[in-house]
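Everything on this sheet refers to the single structure shown next.
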Amino acid sequence: MKLLHLDSSILGDNSATRAISAAIVSALTGADASIEVTYRDLAAAPLPHLTLDVLGAPENNAELAEFLDTDILVIGAGMYNFTIPTQLKAWIDRIAIAGKTFRYTAEGPEGLAGDKKVFVALARGGYYGEGQPAAAVEHAESYLRAVLGFMGITNPTFVLAEGLAIDADTREKAVAAALAQAATIAIPA
Ligand SMILES: Cc1cc2nc3c(=O)[nH]c(=O)nc-3n(C[C@H](O)[C@H](O)[C@H](O)COP(=O)(O)O)c2cc1C
């Protein structure tokens, strides 16, 4: 099986999602050493914004080919300004391609990438869960669920660390809990 590991944090060694996404990959490869991992650091090697020549030539779209070819996708995504990092959005813009990862039918849109298993390491500075005052402005997890679902990936697994900007103790506990959860991650039978 092939695994594509994407990080998008701009915070380098202080990134929570880099540590959590690495722990997810480590749990998966620990359980199955035959998994082939490809790593892309979208912050260190940012993709340009989508342009018409990329949109119009899926045969030259390396990110699309790599996504179509993978069985497992692991994404590290911190909430930046209420949504995902722009570096990750640039990648999504290259893989959400009509006729390749979704198509429009008379019955509505149909996802074509539903065979992939997706894990997301998500971190946020505040709290955006159900019932929280800021829940309505959570556009990172909700956006990822929407765009993955649109491509047919209806059941991604999220490992969440939140409240990271509250104080050092809250951060340490939230990251430790997320790392512990990541260590238990497995491909469902
Ligand atoms: C540029 C930037 C914007 C951020 N915007 C938000 C935000 O809108 N809401 C929030 O709860 N936290 C916000 N944060 C805090 C991050 O979500 C938090 O630091 C998280 O750990 C980011 O993931 P990372 O550590 O892997 O980069 C922001 C952080 C940065 C650096």
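Where a number appears in this text, it was derived from the coordinates with a stated rule and is not lab data. Owing to the predicted nature of the structure, the values given are computational and were not obtained by experimental measurement. Positions of Cβ are backbone-derived with ideal geometry, glycine not excepted, and every protein chain shown enters the neighbour counts.
So here's what we get for this one:
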quantity	calculated
Cα centroid separation, region 130-189 to region 9-25 (Å)	13 Å
The chain: Cα Rg divided by the 2.2 N^0.38 Å rule of thumb	1.02
For E162, distant residues with modelled amide H under 5 Å away	R124
In Å, descending, principal axis extents of the Cα set of region 145-189	38, 24, 7
Gyration tensor verdict on region 114-189 (Cα atoms; rounded if a/c is under 1.5, prolate if a/b is larger than b/c, oblate otherwise)	oblate
Protection proxy ranking, peptides 69-76, 180-187, average beta carbon neighbours within 10 Å, highest first	69-76, 180-187
Amide H within-cut-off set for V118, under 5 Å, with H built and near neighbours excluded	L73, T157
For region 2-183: relative contact order, % (alpha-carbon pairs under 8 angstrom, 6 or more apart)	25 percent
Sequence-distant lysines (8 or more away, or on other chains) whose Cα lies within less than 24 Å of K2	K89, K100, K116, K117
Peptide ranges 60-66, 79-85 listed from the most packed, as the mean C-beta count within 10 angstrom indicates	79-85, 60-66
Packing-based order for 120-126, 43-49, using average beta carbon neighbours within 10 Å, highest first	120-126, 43-49
Beta bridge orientation in the chain: antiparallel %, DSSP, nearest 5	15 percent
